[in-house]
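What follows is calculated from the coordinates using simple rules that are stated; it is not laboratory data. Bear in mind the structure is a predicted one, so any value in this text is a computation, not a measurement. For neighbour counting, all protein chains shown are included, and Cβ atoms are generated from backbone atoms with ideal geometry for every residue, glycine included.
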Amino acid sequence: MLRTNFYLRKPKSTTETPIFLRLFCKSRGIKYPTRINIHPLHWDKNKQRIKPVAKVENHLELNRYLDILKKVADKSFWNLTNDADGIPPSLSTLKLEIDKRLDRVEKEPEITFFDFFQKIINQSEAGTRLNPMTGKVINPNTIKTYVTTLKHLKDFQK
């Protein structure tokens, strides 16, 4: 069973401090950043929400975001648990799933065919790519063939 609560990183701070979501499962916990900073005077510890004060104009939106974050965490936990036939996920897996659902995962840049081919050539020249059949370094004549093939393919593309 997943338990969640929100808390301030430094509840006795005199300046704004981050709000974290703490996820507990099987007596283990993990912190999840909400990316919201708030002054401790504007935080309701019992309700675990931002107080409706004039100094925090967007407190409704921020509290709604905290609600959404909790729902995403709960839904991610239950989906991962159901996918694993009732076995709860590890907290690191849960954190990754929440990141995916909130689009916080940095996407790797798409690599083109020519970029991939050039990478093969560079690895072959550096000696980090080995012949899969023999386990030896790629022959310099083979590397020349790679370079020529890449040049022909680029010319053909034009």
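Partner lysines whose Cα lies under 29 Å from the Cα of residue 70, excluding those fewer than 8 positions away in the same chain, are identified as 10, 12, 26, 31, 45, 47, 51, 55, 95, 100, 107.
For the chain, the Stokes-Einstein estimate of translational diffusion at 37 °C and a viscosity of 0.692 mPa s comes to 163 µm²/s, using the Kirkwood hydrodynamic radius over alpha-carbon pairs. Scaling the Cα radius of gyration of the stretch 113-157 by the globular reference 2.2 N^0.38 Å produces a ratio of 1.16. If I fit a long axis through the Cα atoms of helix 91-101 and take the longest principal axis of the Cα atoms of the chain, what angle between them do I get, 0 to 90°, rounded to 10? On a 0 to 90 degree scale, this one is about 80. The angle separating the long axis of helix 59-83 from the principal Cα axis of greatest extent in the chain is about 60 degrees. The magnitude of the dipole of the stretch 3-101, with charges of +1 and -1 set on the Cβ of Lys/Arg and Asp/Glu and taken from the Cα centre, is near 400 debye.
Between residue 107 and residue 93, the distance separating the two model label sites (each 7 Å from Cα on the Cα→Cβ line) works out to 2.6 nm. Ignoring aspartates and glutamates fewer than eight residues from residue 154 along the same chain, the ones with Cα atoms less than 14 angstrom from its Cα are 115. I need the GluC sites (Glu not before Pro) found in the stretch 15-69, filtered to DSSP loop residues with at most 10 other beta carbons within 10 Å of theirs. In loop regions of the stretch 15-69 (DSSP not H, G, I, E or B), the sparsely surrounded GluC sites (Glu not before Pro) are 57.
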